[in-house]
Amino acid sequence: MAATKEPKPSYHAVGKKEIVGVDRKCLGGTFGVTKKSEEQEFDLLIGQKDESPGQVIGNHHRIEDEFRRRFNNGPLPVKFMDMVLRGAFLLTAVVQVWGQRDLNAPKCTLHILSALPYPKGTPPYNTDYSDGPDIVPAGYLAIEMINNRSDILKDYNLELLEGHDGCGGTKSTPVENLLVQNIFYSGKNIVGIAGPRCYTSAAVAGLITAKDRVALVNVHTSSLVDLGNANLYPYSFGATPSIERFVEAYVALIKLNKWRHVGILYQDDAGAYSVFQSLNSKLRQMNGYDVSFSSVITESYLPLDSLQASSARAILISASSNLARMLMCIAYTKGAVFPQYQWTFLYRVPAEFVDIAFKYKGTTYNCSHANLLQALKNSILINFSYEPNSGDWNKTGISGLTYPQYKQEYARAIERYNNGSYGPPVRIANTTLWGNPFHDAVWILTLALNATDTRLKEYNKSLCDFTYGQPSITLMIQEEISRLDFLGVGGRIVYTLGKFQ
């Protein structure tokens with residue numbers, strides 16, 4: 001029987017919310033730096049300004065070239081690049097500290113920084129990237145489980161720093177604000193990042209944490225193909241399989257149904273474009289199959305007429321819920337629905353089948369709830385389940401619970417969040433399957449940290465010795481993540497060559 005720890009304070013009443021801003025008193029913490037401007041601090045992340053033209057790898061030029069490549073060599077959004085390259089880090093980050101053990105125990109405290117999407121502005125919020133309040137209780141639950149285990153990180157207090165990654169369905173995100181403020185100004189010993197979900201926040205976090213001056217492991221929950229590029233993102237790992245699995249599933253559908261001419265409509269972002277690149281590459285290797293029509297879509301550009309003029313009849317959509325809903329309303333109006341067209345949605349379908357009315361190129365479109373349901377009739381959704389295979393539901397996972405038991409505990413954690421046990425809730429939260437990969441991301445980091453600590457003890461070192469800018473410990477954490485094989489709440493977690501299989 002596993003050893004038990006002495007009783008800890010109930011986490012129902014544990015937790016405080018604090019503001020971590022640009023407090024110059026916090027300077028000199030982990031880094032021991034002198035007072036610098038936010039722009040100078042960000043230069044430490046992406047390269048010194050006085051580097052010679054030949055030393056551009058890792059500096060502003062590489063970052064700019066990388067994002068230009070991602071946006072298909074098109075013009076980069078000025079606001080986005082201004083934030084990435086000039087360090088507009090004056091906003092205050094709200095973080096929530098949760099999961100403390102017995103504060104009287106002489107133990108080192110380790111922090112995991114979460115980066116999740118929260119509601120911005122006023123309702124209605126972007127339904128694709130505003131569910132941080134639903135997701136974060138799953139992380140709180142993981143922290144509580146870990147802090148009450150005697151066999152994992154028993155010499156440490158583990159805390160979660162809750163942060164807003166700025167995702168809102170746009171290319172402009174303040175995830176770099178979050179990282180800079182917490183790494184440089186919070187005075188916290190952050191040993192890893194969990195949760196970046198949208199492509200942009202995961203990519204930016206991956207590029208920043210890859211720098212030797214930072215060297216942090218980033219366990220994201222995005223599924224984009226090129227985030228598995230170990231050269232660009234050496235310390236980034238996914239808690240979900242790559243979106244390459246989506247493409248493989250769609251190719252299997254194409255072969256099964258003999259859809260010779262395929263169309264692709266994708267949102268104007270690098271993530272959706274990578275889907276098009278991958279699918280186009282695979283179809284070029286298949287005799288008799290091709291991508292007959294492909295186009296970026298935006299709220300001001302929904303090319304249904306051009307699509308209907310092409311030979312494509314099997315259409316793959318990779319877009320936000322709202323954009324897909326507008327597209328299907330126009331498709332319904334123009335008769336571009338099943339059985340003449342086979343629509344397949346990648347990752348998500350229109351989230352709200354409510355009446356919609358909008359103007360597009362001088363024409364007003366009105367679709368009722370029933371119209372949208374008719375437009376979506378016999379459509380296909382390709383997505384991950386974010387749950388274990390049916391054969392694993394009743395197996396005890398790394399948390400010590402079966403999946404049904406975990407779901408009950410997660411629901412209770414949601415209730416505690418809504419009751420303010422972790423600080424004032426941002427909004428009323430509900431359970432979501434997106435909580436599963438975030439819960440697993442916390443466990444991925446924790447198990448790797450635990451194995452790393454065992455190795456460090458051989459050298460009379462510990463995780464308390466972790467500092468930014470010294471990647472030796474981060475390299476150990478990276479190696480230990482690559483060796484993981486465990487049953488999480490989202491299914492079995494196995495890494496091969498650094499990729500989640």
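The values are calculated or read from the model by the stated rules, or taken from the named source; none is laboratory data. The structure displayed is predicted, hence computed values, not measured ones. Cβ placement follows ideal geometry from the backbone for every residue including glycine, while neighbour counts extend to all protein chains displayed. Side chains included, ligands, DNA and RNA excluded: accessible areas come from the protein's heavy atoms. Shrake-Rupley method; radii C 1.70, N 1.55, O 1.52, S 1.80 Å.
Has region 459-467 got any residue that is in contact with a Gly (Cβ under 8 Å, 6 or more places away or on another chain) and within 21 Å of Asn147 (Cβ to Cβ)? The answer is no; no qualifying residue exists.
Screening region 442-476 for residues that are among the small types (Gly, Ala, Ser) and at pLDDT 95 or above and picking the one that is farthest from Ile414 (Cα to Cα) gives Ala451.
Might you let me know whether region 186-193 holds any residue that is among the polar types (S, T, N, Q) and touching a residue at least 60 places away in the same chain (Cβ under 8 Å)? So far as region 186-193 goes, yes, one or more of its residues are among the polar types (S, T, N, Q) and touching a residue at least 60 places away in the same chain (Cβ under 8 Å).
Return the residues of region 369-378 that are touching a residue at least 12 places away in the same chain (Cβ under 8 Å) and open to solvent by 40 Å² or more (accessible area, probe 1.4 Å); say none if nothing qualifies.
Residues of region 369-378 that are touching a residue at least 12 places away in the same chain (Cβ under 8 Å), as a first pass: 369, 371-378.
Passing the criteria: His369, Leu373, Gln374, Lys377, Asn378.
Every condition in (1) open to solvent by less than 30 Å² (accessible area, probe 1.4 Å); (2) over 26 Å from Ser130 (Cα atoms); (3) touching a helix residue (DSSP H, G or I) at 6+ places or on another chain (Cβ under 8 Å) holds for Thr402 except the one numbered (3). Within region 127-154, residues that are free of Cβ contacts under 8 Å to residues at least 60 places away in the same chain sit with their Cβ atoms under 6 Å from residues that are open to solvent by 10 Å² or more (accessible area, probe 1.4 Å), at 6+ positions apart or across chains, in these pairs: Ser130/Pro119. For beta carbons closer than 8 Å, sequence separation of 6+ or different chains, a first residue in region 294-308 that is closer than 11 Å to Gly263 by Cβ and a second that is open to solvent by 60 Å² or more (accessible area, probe 1.4 Å) and of a type in the set (Lys, Arg), the qualifying pairs are Leu304/Lys334; Gln308/Lys334. With Thr240, Thr200 as the choices, which residue is touching a residue at least 60 places away in the same chain (Cβ under 8 Å), assigned to a helix (DSSP H, G or I) and within 15 Å of the chain's Cα centre (by Cα)? That would be Thr200, the only listed residue that is touching a residue at least 60 places away in the same chain (Cβ under 8 Å), assigned to a helix (DSSP H, G or I) and within 15 Å of the chain's Cα centre (by Cα). One residue stands out among those in region 243-282 that are more than 19 Å from the chain's Cα centre (by Cα) and among the small types (Gly, Ala, Ser): the one that is farthest from Leu302 (Cα to Cα), which is Ala252. Remark: Ala411 matches the filter, which requires a residue to be surrounded by fewer than 18 Cβ atoms within 10 Å (Cβ to Cβ) and in a helix (DSSP H, G or I). Taking region 160-196 as the range and being modelled with pLDDT of 85 or more and either in contact with a Cys (Cβ under 7 Å, 6 or more places away or on another chain) or farther than 21 Å from Val489 by Cβ (or both) as the test, the residues that pass are Leu161, Ile190, Val191. What are the pairs, 6+ residues apart or on separate chains, where a residue within region 416-429 that is over 14 Å from Tyr118 (Cα atoms) has its Cβ under 9 Å from a residue that is among the β-branched types (Val, Ile, Thr) and buried (at least 16 other Cβ atoms within 10 Å of the Cβ)? Filtered contacts from region 416-429: Tyr417/Val136; Ser421/Val14; Tyr422/Val14; Tyr422/Val136; Gly423/Val97. One residue stands out among those in region 446-473 that are surrounded by 18 or more Cβ atoms within 10 Å (Cβ to Cβ) and hydroxyl-bearing (Ser, Thr, Tyr): the one that is farthest from the chain's Cα centre (by Cα), which is Thr452.
Any residue at all in region 390-398 that's aliphatic (A, V, I, L, M) and without any contact (Cβ under 8 Å) to a residue 40 or more places away in the chain?
Scanning region 390-398, I find no residue that is aliphatic (A, V, I, L, M) and without any contact (Cβ under 8 Å) to a residue 40 or more places away in the chain, so the answer is no.
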